[in-house]
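Read through the structure below, which is laid out as structure tokens, and then see the notes.
Read-outs throughout are calculated quantities, based only on the coordinates presented, and are distinct from any laboratory measurement. Worth saying up front: this structure is predicted, and the values here are computed from it rather than measured. Cβ: placed from backbone, ideal geometry, glycine included. Neighbour counts: every protein chain shown.
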Amino acid sequence: MRHIFEKGIDANAPVLVLFHGTGGTERDLLPLAKIVSPTSSVLSVRGNVLENGMPRFFRRLAEGVFDEEDLIFRTNEVYDFLNRAAADYGIPRDSFVAIGYSNGANIAASLLFHYRDAFKGAILHHPMVPLRGIKLPDLSGVSVFIGGGRNDPVCAPDETEELERLLSRAGAEVTVHWENYGHRLSENEVLAAADWFRNHYLAV
Ligand code: MLT
């Protein structure tokens, strides 16, 4: 998959894996990574699907209606890519923490729904429930930050809470942070995610 890898100066800090939103590229979230963990290595991926020229991580049939067959195929494709990248770049696979926004948060959530070892943690900005009716793996030991919008027209608060419940029931430790900027990713939300990250992974 098309991607950027930047080696960090602290080999012990979690590796940040970045997933952009619809129409974005692997460059979009690089500034966020610098705010969340400036010393981490960063692996930033571009989605393999194009919707009217806009990169995405999986196909959708309409806004918020996912092509589930493609979602599962792409989830496996990203998972294989992450495993290969860990070997190719000599980075510890068990130290990956995802940061995703919108469509990127949805593919990261789908990876959590399918694999117990996809990530040791995840920052999901404005995610949806990627898939319903499947049994989630045991996610104990995985920490998740969810940034939701009280007035998000793409991901309604109910769905944010449903995602929180599903991940918590699977054993993940979930923190939800609410904003009032619709589907937008505000500076305040990024700073809250950075705080959460420091408390979980950088505290001495
Ligand atoms: C999706 O397709 O993943 C969601 O609708 C969010 C987005 O618009 O990308």
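With each pseudo-label sitting 7 Å past Cα toward Cβ, what's the K34-E173 distance in nm, one decimal?
Modelled inter-label distance: 3.0 nm.
Return the calculated 222 nm mean residue ellipticity for the chain, to the nearest 500 deg cm²/dmol, obtained by summing -39500 (n - 2.57) across DSSP H runs with n ≥ 4 and dividing by the residue count. Kindly include the intermediate steps, with their values, before the conclusion.
Values: 5 runs with 65 residues, N = 204.
The helix contribution divided over the chain gives -10000 deg cm²/dmol.
Toward the positive end of the charge dipole of the range 3-202, about the Cα centre and with charges on Cβ (Lys, Arg +1; Asp, Glu -1), which of I35, L131, N180 goes farthest?
So the residue furthest toward the plus end is I35.
Starting from 0.36 nm per residue, how many nanometres of slack lie between L61 and D10 once their C-alpha separation is accounted for? Working shown, then result.
Details: separation 51, 0.36 × 51 = 18.36 nm, distance 4.18 nm.
Extra length available between L61 and D10 comes to 14.2 nm.
So how do D152, D195 line up by other beta-carbon neighbours within 10 Å, fewest first? It would help to have the intermediate numbers written out before the result.
Values: D152 22, D195 13.
Result, fewest neighbours first: D195, D152.
So how much slack lies between D117 and E51, counting 0.36 nm per residue of separation and subtracting their Cα-Cα distance, in nm?
Details: separation 66, 0.36 × 66 = 23.76 nm, distance 2.94 nm.
Full-extension gain reported as 20.8 nm.
Report the charge-dipole magnitude of the range 129-204 in Debye, nearest 20, computed about the Cα centre from +1 at each Lys and Arg Cβ and -1 at each Asp and Glu Cβ. If you can, show how the numbers build up before the last one.
Working: 7 positive and 12 negative charges, 42 e Å.
Computed charge dipole of the range 129-204: roughly 200 debye.
Distance between the C-alpha centers of the range 153-204 and the range 45-120? Whole Å please.
After rounding, the separation between the Cα centres reads 18 Å.
For P92, what charge total do you get from the other residues with a beta carbon under 14 Å from its beta carbon, if Lys and Arg give +1 and Asp and Glu give -1? Walk me through the numbers on the way to the answer.
Numbers: positive: K7, R93, K120; negative: D10, D88, D94, D117.
Combined, the nearby Lys, Arg, Asp and Glu give -1.
Jot down the per residue volume, in cubic angstrom and as a whole number, of the convex hull over the alpha-carbon atoms of the chain. Walk me through the intermediate numbers first.
On the way: hull volume 21.3 nm³, N = 204.
It comes to 104 Å³ per residue, whole-number rounded.
What percent does the relative contact order of the chain come to when contacts are Cα pairs within less than 8 Å and at least six residues apart?
18 percent
Starting from the Cα of H200, step 7 Å along the direction of its Cβ; do the same at Y89; then give the gap between the two resulting points in nm.
My value for the distance between the label points is 1.9 nm.
Could the peptides 94-103, 42-51, 134-143 be put in order, highest first, of the mean number of other beta-carbon atoms found within 10 Å of their residues?
Values: 94-103: 24.3, 42-51: 20.1, 134-143: 15.2.
Final packing ranking: 94-103, 42-51, 134-143.
Running a GNM on the chain with Cα contacts under 10 Å, which residue among G133, G24, G104 ends up with the highest mean-square fluctuation?
Looking only at G133, G24, G104, the largest GNM fluctuation is found for G133.
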